[in-house]
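Trainee: Structure incoming, see below.
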Amino acid sequence: MPEAATILLVDDEDAVQKLLTYPLERDGFRVMQARDGEEALRVFGSERVDLVVLDLMLPKLDGLEVCRRLRAQSTVPIFMLTARDDELDKVVGLELGADDYLTKPFSVREFRSRVRALLRRAALGSQADGRDIIRADGLVLDLARRTVEAHGDRVDLTYVEFELLRTLASRPGRVFSRQALLEALWGDYAYREPRTIDVHVRHLREKLERTPHEPELIQTVRGVGYRLQG
């Protein structure tokens, strides 16, 4: 995990800012605060940020719009918080490029665990050997540069989409359960909704496939075979 990683905490509630800033700083992280969507974009544009913790219900610009704008310019991990226990909000956030989500109220211990997992995976990806390249039927993953090409065309992926594709491409033909993919991406799956993986897989598939497809769980993505069980 990077030393003194910078976390941008975006929430308009002072109580939440205090509740989350203290344990993050105690864990050694540098915390930048923003209380509305416009301020979040300004801070992100002026600071090096390693992770964004983003509430959905924000003044000026809501969290979904902030997520969309951040993802248009960066692959920084985005951890979405929401007080709305609405499946549609979660799905839309994931479709816009959020890497993980947590519904309020939540355990601070679980929050810290997920933050560390996202930063740890991002750090491991940035430290990949420059010679590590995965090729599969027109698909090229450069693990050091974290770039993807499909038949010569550059494909822009979020942090989780890249990690998901790397997991699948490293083991072509293997059958994965949702739990196995959750564990590969985040190191645990005890608190995570398994169907979250379906959203990430669908989003990844849409970016890679050239032709329309049926929404089946058995798919072939640019020659990388996988099956989601259960």
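Trainee: Do you know which residues across region 51-78 are under 13 Å from Asp99 (Cα atoms) and among the charged types (D, E, K, R)?
Mentor: Hits for region 51-78 are Arg68, Arg71.
Trainee: Output the number of the condition that Arg48 fails; it satisfies all remaining conditions of (1) open to solvent by 40 Å² or more (accessible area, probe 1.4 Å); (2) in a helix (DSSP H, G or I); (3) farther than 23 Å from His200 by Cβ; (4) in contact (Cβ under 8 Å) with a residue 24 or more places away in the chain.
Mentor: It fails just one condition, (2).
Trainee: Continuing with this model, one more query. Just to be sure before I move on: is Leu181 in a helix (DSSP H, G or I), at pLDDT below 80 and open to solvent by less than 10 Å² (accessible area, probe 1.4 Å) in the structure I sent?
Mentor: no
Trainee: Please give the number of the condition Leu164 fails out of (1) modelled with pLDDT under 85; (2) in a helix (DSSP H, G or I).
Mentor: For Leu164, the exception is condition (1).
Trainee: Please state which one of Val43, Val76, Val91 is within 20 Å of Lys18 (Cβ to Cβ) and not acidic (Asp, Glu).
Mentor: Val43
Trainee: A further question follows. Looking for whichever is modelled with pLDDT under 75, surrounded by fewer than 16 Cβ atoms within 10 Å (Cβ to Cβ) and among the basic types (Lys, Arg) here; the options are Arg145, Arg154. Which one fits?
Mentor: Only one candidate passes the filter, namely Arg145.
Trainee: Check off (1) charged (D, E, K, R); (2) out of contact with any Leu (no Cβ under 8 Å at 6 or more places or on another chain); (3) crowded, with 21+ Cβ neighbours inside 10 Å for Glu161 and give me the number that stays unchecked.
Mentor: Only one criterion is unmet by Glu161, namely (2).
Trainee: Answer yes or no as to whether Gln219 is of a type in the set (S, T, N, Q), modelled with pLDDT under 70 and open to solvent by less than 90 Å² (accessible area, probe 1.4 Å).
Mentor: Yes.
Trainee: Can you tell me which residue within region 78-101, out of those that are open to solvent by 10 Å² or more (accessible area, probe 1.4 Å) and either touching a Phe, Trp or Tyr at 6+ places or on another chain (Cβ under 9 Å) or in a loop (DSSP other than H, G, I, E, B) (or both), is nearest to Arg145 (Cα to Cα)?
Mentor: Leu96
Trainee: If you go through region 48-70 one residue at a time, do you hit one that is touching a strand residue (DSSP E or B) at 6+ places or on another chain (Cβ under 8 Å) and among the acidic types (Asp, Glu)?
Mentor: For region 48-70, residues touching a strand residue (DSSP E or B) at 6+ places or on another chain (Cβ under 8 Å) and among the acidic types (Asp, Glu): present.
Trainee: Among the residues of region 17-30, write down those that are surrounded by fewer than 17 Cβ atoms within 10 Å (Cβ to Cβ) and farther than 10 Å from Val108 by Cβ.
Mentor: Result: Lys18, Glu25, Arg26, Asp27, Gly28, Arg30.
The values are calculated or read from the model by the stated rules, or taken from the named source; none is laboratory data. Just so it is clear, the structure is predicted and the values come from calculations on it, not from any experiment. Every residue, glycine among them, receives a Cβ derived from its backbone with ideal geometry; neighbour counts consider all protein chains shown. Just the protein is used for accessible areas: all its heavy atoms, side chains included, with ligands, DNA and RNA removed. Shrake-Rupley method; radii C 1.70, N 1.55, O 1.52, S 1.80 Å.
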